[in-house]
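Visitor: Could you have a look at this structure, given as structure tokens, before my questions?
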Amino acid sequence: MRKELEDREHRFLMQTYRRSEIDLVRGEGPLLFDSEGREYLDFLSGIAVTSLGHCHPELVETASSQMAELDHVSNLFFSEPMVDLAERLSLGSIGGPVFFCNSGTEANECAIKVARKHASRRGIASPEIITFKGGFHGRSYGALSATPAMAADEALAPMLPGFVAVDFDDSEALANAFTDNTAAVMMETIQGEAGVFPFSAETLVAARDLTREAGALLVFDEVQAGVGRTGSLWSFQQGPVQPDLMTSSKALGGGFPIGACVASRETGQVLEAGDHGSTFAGGPVASRVAAKVLDLVDRPELLHRVRELGERIRSGLEGVDGVVEVRGRGLMLGVGLDDGLDGPGIRDSLLAKGLILNSPRPDTLRLLPTFVMSDRQADDGVGLIAEAIGEAS
Ligand SMILES: *Cc1c(COP(=O)(O)O)cnc(C)c1O
């Protein structure tokens, strides 16, 4: 069975991913089950997507009933689910209008477009967007060009012009990178794919002050850190500054694809009719599901629970031999490992023990658990991680 699936995968899919040894066939809350009936505790959430747990009954019901009633009408028509969701997103973040799309990459693509057109209105013919090394914004040519490590791949050249990368969390380098052509600073508040590295308040404040002085825009990519992951609905809400544009995706649809670029009131009119579009974007099913996700996540008790579980896991791991540091906030955690420990090896041994997480760099385990596990399950996860690190030491 497995061998046959693997053979067909190799034959019929472009080989852009290295996939796991196990085949997941069913999910329920914080748990996943493989084709042999083995149970796994999910500390990855499909990379920060299924934050409310797998196959949440209210999301299943919302998607199925909307699909049965009205599936898709295109953006040529008004749509109440879309407007409802936009209103919620806007009022719950930075207050301006929303552009919908289908992924994080596309949300950032929209932000890049807004930033460039905003600059054009200020008379800038060759706009520049400043990004940070280690940042990740997606895989289309715009988002890729904003992702310094991957933009360096010459086999994929040429990249889009107009992107300048500075060292991670270096506010002085950021200040020096500003020119008359600066259109925007685009950044995560906590770099996720890099291995969970939060920016200091100092750099966030510098980014806000510098963009404001220059008349440029500050773009926060909340694709991974947003929708409750850090213990507030949006990570920037824990301070110290607000962006002009915010992008969201991943957990926004709870497993259903949707992305959004939210503007401030001042930047919300930059894109006009014909400037941007997407066939599927903001469709009734995606919109209803995302609104339900926000209903469920944006509750003080749940956000408190995310912080509580995060602290529980953090303090459990901080005492473990072989753990150098635990970075991040809420349930977005990077576990820094001692020299000589091999993150991917520990990830594999954890998989064999029934715990799913990933290792975005050799010295780091990344934890993006679901918000719906019990204290006991959180402790079990910590225990397994400690055991696997102990065996690898
Ligand atoms: C995953 C991610 C993206 C890209 O999202 P896709 O849905 O894969 O296109 C962009 N930015 C951040 C911070 C991400 O974590």
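Only the coordinates and a few stated rules stand behind these numbers; no lab work does. On a predicted model such as this, the values are computed, not experimentally measured, just so you know. Here the Cβ is made from the backbone with ideal geometry for all residues, glycine too, and neighbour counts use every protein chain on show.
Visitor: For helix 300-318, report the angle its Cα long axis makes with the longest principal axis of the Cα atoms of the chain; keep it between 0 and 90° and round to the nearest 10°.
Guide: 60 degrees
Visitor: Can you pull out the cysteines in the chain that have no other Cys Cβ under 4.7 Å?
Guide: 55, 101 - these cysteines have no disulfide-compatible partner (Cβ-Cβ under 4.7 Å) in the chain.
Visitor: Along Cα→Cβ, 7 Å out, is where each label goes; now give me the distance between the ones at residue 39 and residue 167 in nm to one decimal.
Guide: 4.9 nm
Visitor: Pull up the cross-link candidates among the aspartates and glutamates for residue 117, meaning alpha carbon to alpha carbon under 17 Å and not fewer than 8 places away within one chain.
Guide: Straight-line reach from residue 117, under 17 Å: 106, 109, 128, 180, 244, 266, 272, 275.
Visitor: Tilt of helix 80-91 relative to the longest C-alpha principal axis of the chain, in degrees (0 to 90, nearest 10)?
Guide: Between the helix axis and the principal axis of the chain, the angle is about 90 degrees.
Visitor: Just need log10 I(q)/I(0) for the chain at q = 0.09, 0.10, 0.15 Å⁻¹, Debye formula, equal scatterers on the alpha-carbon atoms, no solvent, rounded to two decimals.
Guide: For the chain, the Cα-only Debye profile gives -0.54, -0.67, -1.45.
Visitor: Can you give me the long-range amide H partners of residue 324? Hydrogens built in the peptide plane at 1.01 Å from N, cutoff under 5 Å, separation of 5 or more residues or another chain.
Guide: 336, 337, 338
Visitor: Here is a further query. Report relative contact order for segment 240-384 in percent, whole number only (criteria: Cα-Cα under 8 Å, sequence separation at least 6).
Guide: Averaging sequence separation for qualifying contacts and normalising by length gives 16 percent for segment 240-384.
Visitor: Another question about this same structure. Put one equal scatterer on each alpha carbon of segment 144-254, apply the Debye formula with no solvent term, and list log10 I(q)/I(0) at q = 0.12, 0.21 1/Å to two decimals.
Guide: -0.43, -1.24
Visitor: Report the Stokes-Einstein translational diffusion coefficient (µm² s⁻¹, integer) for segment 319-393, Rh taken as the Kirkwood radius over Cα pairs, at 20 °C with viscosity 1.002 mPa s.
Guide: Working: Rh = 12.3 Å.
The calculation lands on 174 µm²/s.
Visitor: May I ask you to list the GluC sites (Glu not before Pro) in segment 260-351 that are in a DSSP loop and have at most 13 other Cβ atoms within 10 Å of their Cβ?
Guide: Working: sites: 266, 272, 301, 308, 311, 318, 325; in loops: 266, 272.
When the GluC sites (Glu not before Pro) of segment 260-351 are filtered for loop state and at most 13 Cβ neighbours within 10 Å, 266, 272 remain.
Visitor: Counting DSSP beta bridges in the chain, what percent are antiparallel, to the nearest 5?
Guide: 65 percent
Visitor: Using C-alpha positions alone, give me the convex hull volume of segment 65-113 per residue in cubic angstrom.
Guide: Taking the convex hull of the Cα positions in segment 65-113, it is 109 Å³ per residue.
Visitor: Sticking with this structure for a sec: Taking segment 1-152 on its own, what percent of its Cα-Cα pair distances exceed 18 Å?
Guide: 76 percent
Visitor: Residue by residue through segment 24-41, what is 3J(HN,Hα) from phi via Karplus (6.51 cos²θ - 1.76 cosθ + 1.60, θ = phi - 60°)? Round to whole Hz and write x for glycine and proline.
Guide: 8, 10, 7, x, 8, x, x, 10, 10, 10, 9, 5, 9, x, 6, 9, 10, 8
Visitor: Just add up the charged neighbours of residue 360: K/R +1, D/E -1, any other residue whose Cβ is under 11 Å from the Cβ of residue 360.
Guide: +1
Visitor: Using only DSSP helix segments of four residues or longer, with each worth -39500 (n - 2.57), what per-residue ellipticity at 222 nm results for the chain after dividing by its residue count and rounding to 500?
Guide: Rounded to the nearest 500, it is -11500 deg cm²/dmol.
Visitor: To the nearest 10 degrees, how steeply does helix 2-12 sit against the main Cα axis of the chain, on a 0 to 90 scale?
Guide: That helix lies at roughly 20 degrees to the long axis.
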